[in-house]
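What follows is a short report on a single structure.
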Amino acid sequence: MDFADSAPEAAFRQRLRDWVRDNNPGLPASSTDDAYWRGQAAWHRSLYDAGFFGLSWPKAVGGHELPCVYDAILDAELAAADAPPRPSLGYLVQGILEHGSEDITRRFLPGIVNGRDRWCQGFSEPDAGSDLASLRTRADRFGDEFVITGHKVWTSYSDDADWCLVLARTDHDVPKHKGISAFAVPMRQPGIEQRPLKMINGITKEFGEVMFDGARVPAANMIGEPGDGWALAMTVVSHEREPGELGFVARYAKTVNHLVGEVGEHPAEYDSEQVRDLAWAIVEAEMLRLHVSRRLSERLDGISHGPEGSVDKLLMTWTEQAVGHAALSIGRAGHGGRDDTPLKVYLYSRAQSVMGGTSQIQRNLVARRILRLPA
Amino acid sequence: MDVRLSPEQQALRDSVAQAVHRLGPKTTRDFDDAERSAKLDAAVGGAGWRELRAADDNGRPLASGVEAAIVAEELARGLADVAFLGPTLAAELRRLAGAPAGSSAETVALSAGLGALASDGDLAGAVAVDVAGAASALVLDADRLAAVSLVAGDTLVDLTRPSTVLDVPTARVVDGAVGVEDIDRWTALGLALTCADLVGAMRGAVELACEYAKQRRQYGAAIGSFQAVQHLLADAHVMTEGSRSVALHAAWAVDALSPSEALAAAAVAKAYCARAARTVCETSIQVHGGIGNTWECLAHVFLRRALLSSDILGGVGPSLARVLDHHGIGGGRGLR
């Protein structure tokens, strides 16, 4: 039992630290400013080209096949250097790795991992949120193609995406979970219209809706077999619930470091209530870092994903929202012409208990699958 | 980095759990069964678990903070009514001071409010904790240790671990000296062990409530099938898991980091675990309904144990103040 670096881990950490010092692009705080997303693609490619992205993924798709605990080192060093967090793409990669054929993984994963292709995820619909399996977007086969018709929403980064991982109904005569298939759909075509949605903190690059009206996708772009879409979706959302996969530890630690710096510089300006909010943010962010270390260690024997992802999602949510409350408290809600980044951090934090499965759904899963409470 | 328990650590955890399962209390009436608790005491003593922090020939502890925390967690999970924290902290003090091992069972005394090791000269209201079987308690006398004799303990908040309020005792000096760093290291161990104790109490309280929710029926269904009850228990489980992660790190930090870093890690863990434990134990009482508010139900015994462990060496407020101190935000104004 050891939280400390092994010799190879320490060497990696030093190499990474030296690189980040000279290559931090200094982007605005993530999800608070549209300029962040404009600079994020270059940051992704720079991280990848330097050999610091996709650490635990197969070499065949551009990864490094390192033990998954290296991701914890990456997150810690990015936060300490005040650099942007790593791109949160692990859930797409894991979903395609687990369910895609060799042809699919070879064609699509390298571009996702190296950052040359940008992806979005077409799962939720206006009438299929928590009840995702009741989705109505349809894919109808005509020869070697499927034609897609439907409406997707909460599609992050849809306006910049080259590809969309779409869940669509291909069989209408079987129970709802069994008639769904998954496709890699090219976004730049006439049958697709996308509209950004403005989030409550004002950003427009992260939330979107996508209308498919006769969009075409080659049958060879189906990921998995017909009817396997639900299984793929469950793999994707289970990874989407994991802070270790998303790299959010770095995001929270970075905000906390900023708040600590602000209070440390002007201690007389903050009362005990504000300082207490900050103390809880420090404690929660540190808890999540340690919890991720524990989870990644449990996976050293190979990846296994069970209902524990719901535990981690709730811990991550509580952390993000405690950090958000500290930002609100220390940032004084942007009153008086102050920098309103903390206010935007706070407002964005409200989405964490909804995205990737609401906290209510996570609690249902913990109660039934872990505590084995009766249905 | 690999923070999984080693096979030896897992075996230790299993043997403590087995001893407590065999000889620990199953109902509140079992606390009156002196023969049972004497057997549990003999099992814990015989296994050497109270000497894990005693010095080896080189002055190092026989086992790390992680092993000591594993024992603390399993004892609390089963509401073991035997001494562990007190004698372990006394052994650690003697080890750090370079003092010879105590000749009879001993514990430690904490200042009024339980926030720190008691100091000779300011013993008014000091409390010797976890005194079962102890003849004396260690206190600080400037940079030396001193021992005060104890009379029988009283059960204050915790029904499983009696305490004694010191009655203007006279202390006899013990050989050896401790510095500021020694006290930081010792405090880090004390906080780490109370965190482990809180995690054990939370696990026990959640297990008790889940069992009850599966068996108790209302409206023709087990109450555990109702979403309102499920969400209470799910939150309690998640808080327990977050607590396990910080408590494990604090236990590791005791020996692996510098005294000030170990103390900072312990403070993060204690703030998190103390807040979580109160909520989790209260949830267990709530899920038990009317029964949960009776003396007979074990739910309040978990809460009581958690309340004592929270206060020992500082609960939420003092721990948050330590966290802020470590980040250079002085004093943690108003939080102590």
task: Choose one answer from B:Asp57, B:Asp120, B:Asp33: the residue with the largest mean-square fluctuation in a GNM of chain B with alpha-carbon springs under 10 Å.
output: B:Asp57
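Using the count of nearby Cβ atoms within 10 Å as a rough guide to exposure, how do A:Lys313, A:Lys198, B:Lys39 rank from fewest to most?
The most exposed by this proxy come first: A:Lys198, B:Lys39, A:Lys313.
Based only on Cα atoms, what Rg/Rh ratio does chain B have, Rh being taken as Kirkwood's radius? Could the numbers behind the result be given before it?
Details: Rg = 19.5 Å, Rh = 20.1 Å.
My calculation of the ratio gives 0.97.
Whats the longest run of chain B with zero chymotrypsin sites (Phe, Trp or Tyr not before Pro) that are DSSP loop and have at most 13 other Cβ atoms within 10 Å? If you can, show how the numbers build up before the last one.
Working: sites that count: B:Tyr219, B:Trp295.
Counting at most 13 other Cβ atoms within 10 Å as exposed, the longest clean stretch of chain B is B:1-218.
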query: Which far-off residues, 5 or more places away or on another chain, put their amide H under 5 Å from the one on A:Phe207, with H placed in the peptide plane?
result: A:Tyr157, A:Leu197
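For the residues A:Cys68, A:Cys164, what sequence is obtained by ranking on other C-beta atoms within 10 Å, fewest first?
Lowest count first: A:Cys68, A:Cys164.
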- prompt: From the phi of every residue in the stretch B:71-88, what ³J(HN,Hα) in whole Hz does the Karplus formula 6.51 cos²θ - 1.76 cosθ + 1.60 yield, where θ is phi - 60° and glycine or proline is x?
  reply: 5, 4, 5, 5, 4, 5, 4, x, 6, 4, 9, 9, 6, 8, 4, x, x, 5
All Cα pairs of the stretch A:118-226, percent lying beyond 21 Å: 30
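How shielded is B:209-216 by partner chains, expressed as the average number of their Cβ atoms within 10 Å of its Cβ atoms? Before the final figure, lay out each step's value.
Numbers: counts 1, 5, 0, 0, 4, 4, 0, 0.
For this peptide, the per-residue mean of nearby foreign Cβ atoms is 2.
With runs of 4+ DSSP H residues as the only contributors, calculate the mean residue ellipticity of the protein assembly as shown at 222 nm using -39,500 (n - 2.57) per run, divided by the residue total and rounded to the nearest 500.
Details: 22 runs with 347 residues, N = 711.
That comes out to -16000 deg cm²/dmol.
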task: Using only alpha carbon pairs under 8 Å that are at least six residues apart, calculate the relative contact order of the stretch A:118-226 and give it in whole percent.
output: 31
message: Considering only C-alpha atoms, what is the centroid distance from the stretch B:21-92 to the stretch B:161-202, in Å?
response: 15
- prompt: Per residue of A:262-274, what is the mean number of Cβ atoms on other protein chains within 10 angstrom of that residue's Cβ?
  reply: 2
- prompt: What dipole magnitude, in Debye to the nearest 20, does the protein assembly as shown give about its Cα centre under +1 on Lys/Arg Cβ and -1 on Asp/Glu Cβ?
  reply: 1380
statement: Per GNM of chain A with C-alpha springs under 10 angstrom, the most fluctuating residue out of A:Val283, A:Val166, A:Val185 is A:Val283
- prompt: Whole number please: convex hull volume per residue of the Cα set in chain A, in Å³?
  reply: 149
- prompt: Based on Cα positions only, what radius of gyration and what Dmax would you give for the protein assembly as shown, in angstroms?
  reply: 27.7, 95
task: Report ³J(HN,Hα) in whole Hz for each residue of the stretch A:269-286, in order, from the Karplus equation J = 6.51 cos²θ - 1.76 cosθ + 1.60 where θ = phi - 60°; Gly and Pro get x.
output: 7, 10, 8, 5, 5, 5, 5, 5, 4, 5, 4, 5, 5, 4, 5, 5, 5, 5
- prompt: Taking every residue in B:321-328, how many Cβ atoms of other protein chains lie within 10 Å of its Cβ, on average?
  reply: 4
- prompt: Once the dipole of chain B is set up with Lys and Arg at +1 and Asp and Glu at -1 on Cβ about the Cα centre, which of B:Leu85, B:Ser111, B:Leu23 lies farthest towards its positive end?
  reply: B:Leu23
message: Show me, for the stretch B:51-67, the HN-Hα J-couplings you get by feeding each phi into the Karplus relation (A = 6.51, B = -1.76, C = 1.60, θ = phi - 60°), rounded to Hz, glycine and proline as x.
response: 9, 4, 9, 5, 7, 8, 4, 9, x, 8, x, 5, 9, 7, x, 5, 4
task: Among B:Trp49, B:Ala201, B:Gly328, pick out the residue whose Cα is farthest towards the positive end of the charge dipole of chain B, where Lys and Arg carry +1 and Asp and Glu carry -1 on C-beta, about the Cα centre.
output: B:Ala201
- request: Rounded to the nearest 10 degrees, what's the angle between the helix A:90-99 long axis and the longest principal axis of chain A, both from Cα atoms, 0 to 90?
  value: 30
field: Overall Cα dimensions of the stretch B:1-143, principal axis frame, Å, largest first
entry: 43, 43, 28
field: Amide H within-cut-off set for A:His151, under 5 Å, with H built and near neighbours excluded
entry: A:Thr137, A:Phe212
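Report the relative contact order of chain B, percent, no decimals, based on alpha-carbon pairs under 8 angstrom and at least 6 residues apart. All intermediate terms of the calculation are to be shown ahead of the outcome.
On the way: 673 pairs, mean separation 56.8, N = 336.
Dividing the mean separation by the residue count of chain B yields 17 percent.
Report the relative contact order of chain A, percent, no decimals, based on alpha-carbon pairs under 8 angstrom and at least 6 residues apart. Mind showing how you got there, number by number?
Values: 669 pairs, mean separation 58.7, N = 375.
16 percent.
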message: For B:Ser119, what residues show an amide H to amide H distance below 5 Å, using hydrogens built from the backbone and excluding near sequence neighbours?
response: B:Leu140
- prompt: Given the options B:Asp184, B:Asp130, B:Asp325, which has the most mean-square fluctuation in a GNM of chain B, springs set between C-alpha atoms less than 10 angstrom apart?
  reply: B:Asp325
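Can you put B:Thr155, B:Thr107 in order of Cβ neighbours within 10 angstrom, beginning with the fewest? Could you put the intermediate results ahead of the total?
Values: B:Thr155 13, B:Thr107 29.
Exposure proxy ranking, most exposed first: B:Thr155, B:Thr107.
None of the figures in this text is laboratory data; all of them are computed from the coordinates on show. Since the model is a prediction, treat every value here as computed from it, not as a measurement. Quick reminder, even Gly has a Cβ in these numbers, built from the backbone with ideal geometry, and neighbours come from all protein chains shown.
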